[in-house]
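Enquirer: Would you mind keeping the following structure in view while I ask a few things?
The values are calculated or read from the model by the stated rules, or taken from the named source; none is laboratory data. Bear in mind the structure is a predicted one, so any value in this text is a computation, not a measurement. Neighbour counts are summed over all protein chains in view; Cβ atoms, including those assigned to glycine, are modelled from backbone coordinates with ideal geometry. Accessible surface areas use protein heavy atoms only, side chains included; no ligands, DNA or RNA. Shrake-Rupley method; radii C 1.70, N 1.55, O 1.52, S 1.80 Å.
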Amino acid sequence: MLPSVSSSSENPNPSPLGLSDSPDFSQSEMDSIISSLLTFPDSPSLSIRSSFDRVLDNLLSSSDDSVQDQLIDRTLERFSLLLESTKRRFQKRATLHNSISWFLPSDLTIKIFSKLDTKSLMQVSACCTMLNKSAMDPLCYSHIDLTTAFQHADDRVLSTLINRSGKQLRSLKLGRRDAPGYVPSLFTNSCLAPLQFTGNLLRSLHIYSIGFMYIDSLLAPLSACANLTDLKIVGVNVFLEPIIELLAIKCCLIEHLFLDNFSQGIITYSTIELFVTNCPKLTSLTLLNFNLNEAMARIIFKGFRKLKYINLSKTFEIDGSFLRVLGDRCRESPLETLILRDCYSLQEGEVVKFLNSVIAGNFKSIRYIDVSSNNCLASNGSRRTSLPNFPLETLKKKRWDVTFVGDFPLRPRFFHFGTLTEDLMV
């Protein structure tokens, strides 16, 4: 039998049907009532459902609409609390089961979790308390990749993950990698601000298509990343020359640089010279849509002596004569990949001279060359040709290990000497 409760005259705030919000019975009596409900003998679910229906019908039958609404709300609230308690107990039981059956020690579990991508790590952390504890270790956030969850990632999510990493953060990727241009983003100008406090050991930073940013929103975080060796910025609407200047001053260990000059900003000689002088470790360089001229390209090609990969695609002014700047050093050049796609002023003659140099045994490390262009190649002044006179057969015989790509709109060509195949289409 339920304990007696105060009447409405004794309680200044009576509840519907005389049920008090603060009933006059002890915690043990309350626990006993709930225990009786939970340990009620098993019976057909239809019978229990009918009993609940009858009880509620009896309570509601003699009440007005407002009292009925309050009683229904009270009932939903009570059973909601019961459901939440049951879920918490279920999680505790699952955690206990996992801790017994999980055969890996904690340190090995953390090491495995650290290999997961960020989205998978978040899913693991939601499984149970035991796995969540391992998934919260800073080592698991050494490499944060939000490119697969770009639709749901914002400043708060990024800040939380960076804070979890503590001093373990080594690489960070954010944005949408497959976006052709600007896409809506939840990130704001201040999204990278946490790097000012945790970026000292950051080695790699990739930013993809997160729209417009103030230049200071990039410069301030980058200035704290003195150990950065890999930087990639694509689809960010901001002038990038100050980024190159900052790298030359603050991030001299840079080895891999990929910048897409989305905003078509200019670049100066002084910036190029400072960059070449202060960043001697650079091995991979991609500068797309930059307003480089032939003299700047010479400085780059000659100055970076460890350069293995260079991509100067969509550069309007260069004609290709910078490829001759190495002189006697061209034979031992470590260059492996050369990409000059859609360079409007690129001359057929300069490409021929470069190929002849490769045939003669120079650029021993070269394996891939791409001079494709949607505007064909410049030839003999103002003329343009889609049928350049390249020494392809000789190149194929002398340097069969080189892949040469020349794709032009009027008569596309694709040569792949690595597999000794040739495809010509008219």
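Enquirer: Given charges of +1 on the Cβ of Lys and Arg and -1 on the Cβ of Asp and Glu, with all other atoms neutral, how large is the dipole of the stretch 312-363 about its Cα centre, in debye to the nearest 20?
Expert: Details: 6 positive and 8 negative charges, 18 e Å.
For the stretch 312-363, the charge dipole is close to 80 debye.
Enquirer: Could you give the angle, 0 to 90 degrees to the nearest 10, between helix 27-38's Cα long axis and the longest principal axis of the Cα atoms of the chain?
Expert: 80 degrees
Enquirer: Evaluate Rg over Rh across the stretch 178-255, taking Cα atoms for both radii and Kirkwood's formula for Rh.
Expert: The Rg/Rh ratio comes out at 0.95.
Enquirer: Take the alpha carbon gyration tensor of the stretch 244-308, find the square roots of its eigenvalues, order them as a ≥ b ≥ c, and report rounded if a/c is under 1.5; if not, report prolate when a/b exceeds b/c, else oblate.
Expert: It comes out rounded by the Cα gyration axes.
Enquirer: Separate question: Strictly over 26 Å apart at the Cα level, which of Lys119/Lys308; Lys281/Lys364; Lys232/Lys302; Lys119/Lys250; Lys302/Lys397 would you flag in this model? Each step should come with its number before you reach the end.
Expert: Details: Lys119/Lys308 33 Å; Lys281/Lys364 21 Å; Lys232/Lys302 23 Å; Lys119/Lys250 32 Å; Lys302/Lys397 29 Å.
Beyond 26 Å between Cα atoms: Lys119/Lys308; Lys119/Lys250; Lys302/Lys397.
Enquirer: Pop the C-beta distance of Asp64 and Glu84 into the FRET formula with R0 = 25 Å and round what comes out to the nearest 0.05.
Expert: Approximately 0.25, to the nearest 0.05.
Enquirer: What's the magnitude of the charge dipole for the chain around its Cα centre, counting Lys and Arg as +1 and Asp and Glu as -1 at the beta-carbon? Answer in Debye, nearest 20.
Expert: For the chain, the charge dipole is close to 2600 debye.
Enquirer: To continue, here is another question. Counting Lys and Arg as +1 and Asp and Glu as -1, what is the net charge of the other residues whose Cβ lies under 9 Å from the Cβ of Ile254? Working shown, then result.
Expert: Working: positive: Lys281; negative: Asp230, Glu255.
Net local charge, Ile254 excluded: -1.
Enquirer: If you take percent of Cα pairs over 40 Å apart from the coordinates, which of (i) 15; (ii) 47; (iii) 39 do you get?
Expert: (ii)
Enquirer: A follow-up question, please. When the helix-only estimate is applied to the chain (DSSP H runs of n ≥ 4, each -39,500 (n - 2.57), divided by the residue count), what is the mean residue ellipticity at 222 nm, nearest 500 deg cm²/dmol?
Expert: -11500 deg cm²/dmol
Enquirer: Another question about this same structure. Which residues' amide hydrogens lie under 5 Å from the amide hydrogen of Val405, considering only partners 5 or more residues apart or on another chain, with H built in the peptide plane?
Expert: Ile369, Asp370, Val371
Enquirer: Here is a follow-up. Relative to the first principal axis of the alpha-carbon coordinates of the chain, what is the inclination of helix 241-250, with its axis defined by its Cα atoms, in degrees from 0 to 90 and to the nearest 10?
Expert: Approximately 80 degrees, to the nearest ten.
Enquirer: Okay, next question. As I understand it, the dipole of the chain uses +1 on the Cβ of Lys and Arg and -1 on the Cβ of Asp and Glu, about the Cα centre. Which of Phe354, Phe90, Tyr214 lies farthest toward its positive end?
Expert: Phe354
Enquirer: A follow-up question, please. Leaving ligands, DNA and RNA out of it, rank Met213, Met130 by accessible area with a 1.4 Å probe, largest first.
Expert: Met130, Met213
Enquirer: Report the net charge of residues surrounding Arg329, where surrounding means a beta-carbon distance below 10 angstrom and charges are Lys +1, Arg +1, Asp -1, Glu -1.
Expert: Computed value for this residue: +1.
Enquirer: Further question: Short version: ³J(HN,Hα) in whole Hz for each residue of the stretch 157-165, in order, from phi by Karplus 6.51 cos²θ - 1.76 cosθ + 1.60 (θ = phi - 60°), x for Gly and Pro, what are they?
Expert: Here the 3J(HN,Hα) series is 4, 4, 4, 4, 5, 5, 5, 5, 5 Hz.
Enquirer: For the stretch 224-245 and the stretch 110-168, what is the centre-to-centre distance using only Cα atoms, to the nearest Å?
Expert: 24 Å
Enquirer: Within the accessible area of the chain, what % is carbon and sulfur when the probe is 1.4 Å and the other protein chains stay in place?
Expert: 55 percent
Enquirer: Given a 1.4 Å probe, how much area per residue of the chain is accessible, in Å²? All intermediate terms of the calculation are to be shown ahead of the outcome.
Expert: Details: 23450 Å² over 426 residues.
Computed with neighbouring chains in place, this is 55 Å² per residue.
Enquirer: What does the charge add up to near Glu245, with Lys and Arg as +1, Asp and Glu as -1, over the other residues with Cβ less than 15 Å from its Cβ?
Expert: Spelling it out: positives minus negatives among the neighbours equals -2.
Enquirer: Starting from the amide H of Leu346, placed 1.01 Å from N in the peptide plane, find each other amide H under 5 Å away whose residue is 5 or more places distant or on another chain.
Expert: For Leu346, the qualifying residues are Ala378.
Enquirer: If you fit an axis through the alpha-carbon atoms of helix 65-101 and take the longest principal axis of the Cα set of the chain, what angle between them do you get, 0 to 90°, nearest 10?
Expert: Here the helix axis deviates by roughly 60 degrees.
Enquirer: Near the amide H of Asn237, under 5 Å away, which other amide H atoms are found, from residues 5 or more places off or on another chain, if H is placed in the peptide plane?
Expert: Gly211, Phe212, Met213
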